[in-house]
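The values are calculated or read from the model by the stated rules, or taken from the named source; none is laboratory data. Keep in mind the model is a prediction, meaning the values are calculated, not measured. In this analysis, Cβ positions are derived from the backbone assuming ideal geometry, glycine residues included, and neighbour counts consider all displayed protein chains. Each accessible area value is taken on the protein alone, full model and side chains, heavy atoms only, with ligands, DNA and RNA left out. Shrake-Rupley method; radii C 1.70, N 1.55, O 1.52, S 1.80 Å.
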Amino acid sequence: MAERSARERGAWFLVLPALLPILVLSVGPLLYGLGLAFTDSQSGRTAATQWVGTLNFQDLLHDTLFWDSFRIGLLWAIGVTVPQFLLALGLALLLNQELRFRWLARALAIVPWAMPEVVVGIMWRLVYHPDAGILNETLRDLGLGDGRDWLTGLATALPAVIVVGVWAGMPQTTVALLAGLQHTPRELHEAAAMDGAGAWRRFRTVTWPAIRPVALAVTALNFIWNFNSFALVYVLTSGGPGGRTRLPMLFAYEEAFRYGQFGYAAAMGCVMVAVISILLALYLVGRLKGGDEQ
């Protein structure tokens, strides 16, 4: 028993350096924001902050602008996550083949991952520039029109931003799927090929079952990450035009730092944390059921 206690103390000693930053930088602000959501905290206010209970959450229920941003956030998260996964899967399958200069292709595939979101946003703003952007220049050269301002058009702003999100998020998805593919025994593919299975059948019966856990995990994490996006969309459109790209995080940011409604913005953050927690719980339950069936 004494030896076991000593091992546990040693384990906590090793974990503590990694645990402290999480508690200070993540759990602490989360608890502070939770408490702030039940107050009328505002910037520049001389009166003391008052406890208002669930008033902020009641106001949120009738805030159509917030729920509209929530709808846009879901459209953005789904619109980025699904193409991101499909394109990354195709790229991972390609990079898993015996190709010449495969090492170079793999290195180039992760370049967007190495770029900060702010840099990616600035770069794509130049691509979408209405006058000197490479996209409009290409369309003009091909005789497909005079181009348009993609990031300020009401119909094109959200699709244009989604394209950037897909491009920026593909590398980490590709790397995760490629790792799953490399752990698939080649003997299974060879046996299926000897049995006369075509490429699609080999993928459906051999490749997909092997990478399915990785695919589900990376898709769930990507959805959560995309739903909580801020920097990329902020640099590209700042939520415009007319709120067409105003994601929930952008809406909460504006309420807090533009209008000074800290308590109200904290309530928005709590709602988003609750939604993400529910989605994560559903994913974990599905994973546990899948493990029990296996």
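With a 1.4 Å probe and every protein chain left in place, work out the accessible area per residue of the stretch 191-232 in Å², rounded to a whole number. Don't skip to the end; give the middle numbers.
Details: 2360 Å² over 42 residues.
So the stretch 191-232 comes to 56 Å² accessible per residue, rounded to a whole number.
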### Query
Got a number for carbon plus sulfur as a percent of the chain's accessible area, 1.4 Å probe?
67 percent
#### Entry: Among Ala192, Ala220, Ala18, residue whose mean-square fluctuation peaks in a GNM of the chain (springs only between Cα atoms under 10 Å)
Ala18
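Using a cut-off of 14 Å between beta-carbons, work out the net charge of the residues near Gln261 (Lys and Arg +1, Asp and Glu -1, Gln261 not included). Mind showing how you got there, number by number?
Values: positive: Arg45, Arg258; negative: Asp40, Asp59, Asp63, Glu254, Glu255.
Local charge sum for Gln261: -3.
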### Task
Could you tell me which helices of the chain pass both thresholds, a Cα extent of 24 Å or more along their own axis and a mean Kyte-Doolittle hydropathy of at least -1.0, with helices taken as whole DSSP H runs?
2-22, 64-95, 157-182, 208-227, 262-293
### Summary
For Thr39, the residues 5 or more places away or on another chain with a placed amide H closer than 5 Å to its own amide H are Val52
#### Entry: Mean separation of Cα contacts under 8 Å (6+ apart) over length of the stretch 195-280, as relative contact order %
18 percent
### Query
Which net charge results when you count Lys and Arg as +1 and Asp and Glu as -1 among the other residues whose beta-carbon is under 13 Å from that of Leu158?
+2
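What dipole magnitude, in Debye to the nearest 20, does the chain give about its Cα centre under +1 on Lys/Arg Cβ and -1 on Asp/Glu Cβ?
Working: 21 positive and 20 negative charges, 120 e Å.
Charge dipole of the chain: 580 debye, to the nearest 20.
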### Query
In whole Å, how far is the Cα centre of the stretch 189-204 from that of the stretch 53-92?
39 Å
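Would you calculate, for the chain, the mean residue ellipticity at 222 nm contributed by helices, counting each DSSP H stretch of 4 or more residues as -39,500 (n - 2.57) and dividing by all residues, to the nearest 500?
Numbers: 15 runs with 203 residues, N = 294.
After summing the helix terms and dividing by residue count, I get -22000 deg cm²/dmol.
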#### Entry: Residue with peak Gaussian network fluctuation, the chain [Cα springs, cutoff 10 Å], from Ala199, Ala210, Ala109
Ala199
### Query
Hey, what did the chain get for relative contact order, percent, Cα under 8 Å, at least 6 apart?
29 percent
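Probe of 1.4 angstrom, ligands and nucleic acids ignored: what's the accessible area per residue over the stretch 52-186, in square angstrom? Could you put the intermediate results ahead of the total?
Details: 7570 Å² over 135 residues.
Heavy-atom SASA per residue in the stretch 52-186 reads 56 Å².
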### Message
Which residue, Leu30, Gly121, Ala215, has the largest displacement toward the positive end of the dipole of the chain when charges sit on each Cβ (Lys, Arg +1; Asp, Glu -1)?
### Response
Ala215
### Query
In nm, to one decimal, how far is the modelled label at Arg140 from the one at Trp113, with both set 7 Å along Cα→Cβ?
3.7 nm
### Summary
Of Pro112, Pro185, Pro17, the most mobile residue in a GNM of the chain (C-alpha springs, cutoff 10 Å) is Pro17
